[in-house]
Amino acid sequence: MENEEYVGREAQEDRLRMAVEQRVGRALRTPADFDYLVMKMKHDEAELVSVSTLKRLWGYVRAAGPVRTSTLSVLARFLGFADFEDFCRSEADESGFLSQEQVRVTDLRPGDEVRICWQPGRTCRLRYLGEGRFVVVRAERAKLHAGDTFAAVAFRTGHPLYATDLRRPGIDGARDYVAAARHGLTAVEREERQGDD
């Protein structure tokens, strides 16, 4: 039983790492990536985690022991949850780390479209622009508007949408946006661009 709890926590830590990467719009693989995350947390006026702790959590350097729950809670709050336990509860019904329906930026070509849905009855159609950026083609009952552009790394059912560097025509500055924070996206569909390469 103790081993099952450890495996469960390890899976939740994996999910948390993936969610943080989605939130900041990049994989954390180099020292510069960890510096970027700390800078992003400062910019958002979030609680901070040291670069060395982040490197241990991501396995960039060897950890002497398990990561403290308090550290995981800081990252969970950065994602909009009350703490790590709240983050874990947010997908208690999920059967695995990666859902069956997913679209990664690396799978897309400019012009491909992605349709995403979340509760209650919200739908967006997005067109991939290239270099990790999307434009909203159509939005129904969502805070996103047609013409908005943003960066994202993946769309997965059961997981929130983390849209970074969101820009809206006629409004100065960029923002970050989280959709479906509690229950995740309910549908993700990819439509490839038609025509010759």
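Assorted remarks:
- Straight-line reach from Lys55: taking Cα to Cα under 21 Å and skipping same-chain neighbours fewer than 8 places apart, the lysines in range are Lys40, Lys42.
- For the chain, with +1 on Lys and Arg beta carbons and -1 on Asp and Glu, the positive-most of Leu54, Leu144, Phe155 along the dipole: Leu144
- Degrees, to the nearest 10: 69-78 long Cα axis against longest axis of the chain: 20 degrees
- Carbon plus sulfur fraction of accessible area for the chain, probe 1.4 Å, in percent: 47 percent
- The C-alpha atoms of the chain define a longest principal axis, and helix 2-24 lies at about 40 degrees to it.
- In Å, descending, principal axis extents of the Cα set of the range 1-72: 41, 22, 21
- Per residue accessible area in Å² of the chain, where ligands, DNA and RNA are left out and the probe is 1.4 Å: 56 Å²
- Acute angle (nearest 10 degrees) that the helix 31-43 long axis makes with the longest principal axis of the chain, alpha-carbon atoms: 80 degrees
- The calculated Kirkwood hydrodynamic radius for the chain is 17.7 Å, given to one decimal from all distinct C-alpha pairs.
The values are calculated or read from the model by the stated rules, or taken from the named source; none is laboratory data. The structure displayed is predicted, hence computed values, not measured ones. FYI the Cβ positions are ideal-geometry reconstructions off the backbone, even for glycines, and counts take in every protein chain you see. What goes into the accessible areas is simple: the full protein's heavy atoms, side chains included, and nothing from ligands, DNA or RNA. Shrake-Rupley method; radii C 1.70, N 1.55, O 1.52, S 1.80 Å.
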